[in-house]
1. Among the lysines, select those whose C-alpha is under 19 Å from the C-alpha of K110, and discard any that sit fewer than 8 residues away in the same chain.
2. Please report the antiparallel percentage of DSSP beta bridges with both residues in the chain, rounded to the nearest 5.
3. What is the gain in length, in nm to one decimal, between Y323 and E345 on full extension, counting 0.36 nm per residue of separation less the C-alpha to C-alpha distance?
4. Let a ≥ b ≥ c be the square roots of the eigenvalues of the Cα gyration tensor of the range 301-386; is it rounded (a/c under 1.5), or, if not, prolate (a/b larger than b/c) or oblate?
5. I want to check the label-to-label distance for E82 and F435. Put each point 7 Å from Cα in the C-beta direction and report it in nm to one decimal.
6. Which of these, E422, E104, E345, has the largest mean-square fluctuation under a Gaussian network model of the chain (Cα springs below 10 Å)?
7. In vacuo Debye scattering of the range 167-247, one point per C-alpha: log10 I(q)/I(0) at q = 0.14, 0.15, 0.19 Å⁻¹?
8. Once you have the alpha carbon radius of gyration of the range 133-214, what is it after dividing by 2.2 N^0.38 Å, with N set to its residue count?
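Values quoted throughout were computed directly from the atomic coordinates according to the rules given, and no laboratory measurement underlies them. All values reported here derive from a predicted model rather than from experimental measurement. Don't worry about glycine lacking a Cβ; one is built from the backbone with ideal geometry, like all the others, and counts go over all protein chains shown.
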Amino acid sequence: MLKNLSYTSSQASEHMYKNQISLPIDEMPTNWYNILPDLPEPLPPPKEPDKESSRLEFLSKTMIGESLKQESSSQRWIPIPEEVRTLYTQMGRPRPLYRARRLEKYLRLKKTRIYYKREDLSPTGSHKTNTAIAQAYYAAKEGKDTLVTETGAGQWGTALAYAARLLDLECVVFWVRSVYDWKSDRRTMMELFEATIHASPSEKTKIGREILAKNPKHPGSLGIAVSEGLEYTEKSEKRVYCLGSALNHVLMHQSIIGLETIKQFEMVDDNPDLIVACLGGGSNFGGIALPFIGEVLKKKRECEFLASQSMAAPNLIEGEYRYDFADVAEHTPLLKMYTLGHKTEMPPIKADGLRYHAAAPIISLLRHHGIVKATAYPIDEKAVFEAAKIFLQCEGWLIAPESSYAVRATIDEALKNEKAGEEKVICMNISGHGFLDISAYREKVFGEK
């Protein structure tokens, strides 16, 4: 399959110097970037759906106080606590940026350069640890002893279990049932961190029991898992709910990805013309894109942004920009976002981290203004897994199913650009590794169950 990828010794020496761009630890960002002050219009505020009960008051009792404070902060730069920065270095930050020279050669690119950010190198295998560590730190400071959450693909649940263990906290995870059933190895990894895991919908909550009564084999969804987690959290003051995507504070914690990437491009005197990442709720896309978007909004650079989605949940493409709930049971306030509808049934896919009914409010607003563009791939996932296979054979890294959407979109954009004959630099975010997704590769690439 892969031919003519050999290099001369002089080429190899030059490529070694520029292929891996590593930021020194002492240059790791000391602040997170909050894009709220720089948005083209104020972010529409959350709304109460009725006068019977306050959803905002409910969140104030179930979520981390500091996270909710950051959610609406007008401060552009939020200091990263020293303890969090220490834990960031413990988990391998800063992470390298790579030039995909072998992929470029395989695709016969003449005008297009491709880079990729390595968020798969975290201890649990994804970018999710960036906010998991921060939320666990704030929860511990506020006297909580149990972190509760949802997870789809399992990356977020694993990341929060890891963070809880580092900070001597308990962790309870409500995991989308269709993924819980086939990702036994990732379940084992969470259990090694001593997390308690429930397949969602579960018998542990009222909403879970109601759904199972109608359909005992319901595959679950992130919206259902969020509802279960919030309901479970409310039963004890020592529990606190941690959300892994979509909300402003989560995207802000993830901004360290893009902030590092900006510095790394400066190190090689290059600039991206297009940022690509997969998108379900929006945490990894926002993490790499928002610092660059902030500079675009301030006219400090020119760059485009492309979200790669699944047709199982193409919220930025087929969704409506309106107020909706973030969960199925309607525990949350109404948020203005591109949504398919919070009760929409979405078919299970292997990249389950992309199967969420709505996009983050910040990213939705940017999409509404035409700053963020989106593409989506069929639910059979053949095209994206083929892209992941090409990436593995060229660059050597086995990536998560979600990340294969970013690679597919990058390859498509690169080939399109070659036909146009323009100079272009594309940077994609590799949000996670695929070592615990082998069965998905076995099924999608080799046709084996």
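1. By straight Cα distance, K110 reaches K3, K18, K416, K419, K424.
2. Details: 17 of 53 bridges.
Here the share of antiparallel DSSP bridges comes out near 30 percent.
3. Numbers: separation 22, 0.36 × 22 = 7.92 nm, distance 1.85 nm.
Length difference between fully extended and current span is 6.1 nm.
4. Taking the square roots of the gyration eigenvalues as a ≥ b ≥ c, the range 301-386 is oblate.
5. In this crude spin-label approximation the distance works out to 3.3 nm.
6. Maximum among the listed residues: E422.
7. Relative scattering, expressed as log10 I(q)/I(0), comes to -0.47, -0.54, -0.86.
8. Against the empirical 2.2 N^0.38 Å value, I get 1.11 for the range 133-214.
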